[in-house]
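Take a look at the structure below.
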Amino acid sequence: MNPVELQDRIHASLCLAGMGDALGAPTEQWGIEEILAVHGGLVRRFVAPTEDTFAGALGGQRAEVTDDTSQMVYLARVLARDGGRLDASTWVACLLDWAATSPKATFMGPSTLGIVRALQAGQDIARVGTIGQSLRKMTTVGNTNGAAMRVAPCGLVKPARPEEACELAVVTCQPAHDTDVAMSAACAVAAGCAVAVGGGTLSEVIQASLAGARWGERRGREQARHVPGPRTPVRMERALAIAASPHADDEAFLQALAAEVGTSVLAAESVPAALGVLAYAQGDPLRTISLGASIGNDTDTIAAMAGALSGALAGTARLPQDLLAEFRAVNEGLYGLEPLAAALARCAMER
C-alpha cells in the first residue's frame, strides 16, 4: 500500500471512530424504541445531548466527542511520538496525563476510574476492587470496554500485522482492564483495524477480529485475571450469526442483537455488538455508525469501535461528507486528527 492511501485510511478510521462517538453520545443509556421514535428512524445526524445522558450531564455539545475518542487520541499521540512502540510505564504515564489534562476525563469509566484514583494517591492498585481484606478482585472489575474503545491506533500503526497490534493492545489493558475478557475485546478491535488499514476485505477484517479475540483471551489467561462469565469470542460468533440472518428491518436486527448479545459497557457485550453492526452494515461508514448510535445502552462506544473498523476499510472519500465537515469543525482544533494520522502513517511505514 502506498503511503498516501495508508494515511488516508488511518485518518478515516480516527474520524469515523470520533463521529460514531459523537453520534452515539446523545443516545447513550436510551432504549432502541425511544431512539428510533425521537430520531424518526436511525440516528443520522448530530444533535445536542440532553441532560439524561452522560454527555449532556457533563456539558457535551452537538457533534462533540467523549472520553472514547479523547483517550484514543492520547494513545495515538504516544504511539506516534515513540515510533509505534509502547511499554507499561509509558502507557500508565499516558493514562495519568489524560486523566489530568483532558477535558473529557470527567467521563471516565468504572474500571479506569478506580485505577486512576489509586495511582494518583500512590495506593496499591492490587487492592482496587477487592473483596474484604483479600486480594481477590470482584468479577465486575476490569471487564468493561475502556481498553477496547481506545485501542484502534494499536492496529493502525501495524497495517496487516494483527498479532503485533494485539501485543500493543495488551499493554493498554494494564492495569485497569487486566482480565481475559477485556484483553480479548481489545485485541479484537486492534487486530481488525490492523487488517482493515492494511487493505483487507470486510470478511478478512471480521476473521481477524475473531482471531484477535481468541488470541487476547489466551494471553489474558496467561498474564492477567480470568473472570467467569460470557466469553468475548463466543458472543462475537453469535453477533455475526445474527447479522447474517434475515430481519424484517433494521429495528428487528438491533433488537435481536441487543437481546441476544447485549449492548452494555461490558466488553463481552459491546465489542461483539460493534462487530455485528459492522457486518450487518456491510462496512458502509454511515450505516455502521448510524446503527451503532441507534442500538441503545452504550451507543457512543459501540458506534466508535465499529466506526474505527469501518473507517479503516473505507477511506475518507466514502465517509458521509456533511457529517465529517461538522465533526471536524467542532473537534479538529482540539484533537488534530489529520496531522495525527500523518504521524501514525509515518510510524506504520517505518517497520
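Rule-based calculations on the coordinates, nothing more; no lab input. Just so it is clear, the model here is predicted, and its values are computed rather than measured. Cβ placement follows ideal geometry from the backbone for every residue including glycine, while neighbour counts extend to all protein chains displayed.
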Checklist entry - Can you pull out the residues in the range 83-127 that are under 21 Å from residue 70 (Cβ atoms), among the hydroxyl-bearing types (Ser, Thr, Tyr) and out of contact with any helix residue (DSSP H, G or I) (no Cβ under 7 Å at 6 or more places or on another chain)? => result 101, 106
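Quick check: is even one residue across the range 328-348 among the hydroxyl-bearing types (Ser, Thr, Tyr) and either within 16 Å of residue 236 (Cβ to Cβ) or in contact with an Asp or Glu (Cβ under 8 Å, 6 or more places away or on another chain) (or both)?
no
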Checklist entry - Can you tell me which residues in the range 273-283 are in a helix (DSSP H, G or I) and in contact (Cβ under 8 Å) with a residue 60 or more places away in the chain? => result 274, 275, 278, 279
Item to check | Extreme residue, farthest from residue 143 (Cα to Cα), among residues of the range 120-129 that are without any contact (Cβ under 8 Å) to a residue 40 or more places away in the chain and touching a Leu at 6+ places or on another chain (Cβ under 9 Å) | outcome: 120
Item to check | Matching entry among 264, 290 (being part of a helix (DSSP H, G or I) and of a type in the set (Ser, Thr, Tyr)) | outcome: 290
Checklist entry - Residue check: is residue 183 of a type in the set (A, V, I, L, M, F, W, C) and more than 28 Å from residue 32 (Cβ to Cβ)? => result yes
Checklist entry - Taking residue 324 and the conditions (1) in contact with a Ser or Thr (Cβ under 8 Å, 6 or more places away or on another chain); (2) crowded, with 23+ Cβ neighbours inside 10 Å; (3) over 21 Å from residue 37 (Cα atoms), which numbered condition does it fall short on, given that it satisfies the others? => result (2)
Item to check | Every residue from the range 1-38 that is in contact with a helix residue (DSSP H, G or I) (Cβ under 9 Å, 6 or more places away or on another chain) and among the polar types (S, T, N, Q) | outcome: 7, 13, 27, 29
